[in-house]
1. In deg cm²/dmol and to the nearest 500, what is the mean residue ellipticity at 222 nm of the chain if only DSSP H runs of at least 4 residues count, each as -39500 (n - 2.57), divided by the residue total?
2. Write down the accessible area per residue of the stretch 48-114 in Å², having rolled a 1.4 Å probe over the full set of protein chains.
3. Write out the cysteines belonging to the chain for which the nearest other cysteine Cβ is not under 4.7 Å, or none if no such cysteine exists.
4. Enumerate the helices in the chain for which the Kyte-Doolittle hydropathy averages 1.0 or more and the C-alpha atoms extend at least 18 Å along the helix's axis, using complete DSSP H runs.
5. Could you look at the chain and say what percent of its accessible area is carbon and sulfur, using a 1.4 Å probe and all protein chains?
6. Any idea what the dipole of the chain comes to, in debye rounded to 20, about its Cα centre with Lys/Arg Cβ at +1 and Asp/Glu Cβ at -1?
7. Given all pairs of different Cα atoms, what value in angstroms does the Kirkwood hydrodynamic radius of the chain take?
8. Could you give log10 I(q)/I(0) at q = 0.23, 0.25, 0.29, 0.32 Å⁻¹ for the stretch 64-105, computed by the Debye formula over C-alpha point scatterers of equal weight, without solvent?
Amino acid sequence: MSTWVVQVVVVALFALSCGALAAAWTRGRLGVAAIALFVAALATWVAAFAAIATEFHGANNFATCETECSTVHYVSAVAFIVPPLLISLAAFAMLVIRGSRWRARRATARENHG
């Protein structure tokens with residue numbers, strides 16, 4: 001397997017996801033975008049796991065295909081490796097939105113009591 005292809009796709013998907021979350025943050029929709037990213041990544045990972053577990057077109061051999069790699073091998077590799085990264089990115093975005101809401105509530109409470 002040519003790992004550089006998988007690495008480029010992983011980095012590209014991560015960068016696109018970061019960009020999408022940054023755009024959602026500027027529009028005040030980071031929470032919705034983080035939940036959507038989480039659900040999409042989880043669904044992708046479950047589908048990849050099912051394809052690997054059922055040996056769909058040899059998807060379970062993505063790590064050992066060497067010179068005989070097909071598109072299914074590359075897709076199953078990316079679909080199995082990327083979602084945990086995107087799930088952690090979505091979790092980080094959820095923490096950011098939670099922290100900003102907490103700071104906003106705290107500032108409002110100080111104004112009302114001060």
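The values are calculated or read from the model by the stated rules, or taken from the named source; none is laboratory data. Bear in mind that the values here come from a model prediction, so they are computed numbers and not experimental data. Every residue, glycine as well, gets a Cβ built from its backbone with ideal geometry; the counts of neighbours run over all protein chains shown. To get the accessible areas, we keep the full protein, side chains included, count just its heavy atoms, and leave off ligands, DNA and RNA. Shrake-Rupley method; radii C 1.70, N 1.55, O 1.52, S 1.80 Å.
1. Helices in the chain give a 222 nm mean residue ellipticity of -29000 deg cm²/dmol.
2. 69
3. CYS18
4. 3-26, 30-53
5. 68
6. 1100
7. Result for the chain, one decimal place: 16.0 Å.
8. Calculated log10 I(q)/I(0) at the listed q: -0.76, -0.81, -0.91, -0.98.
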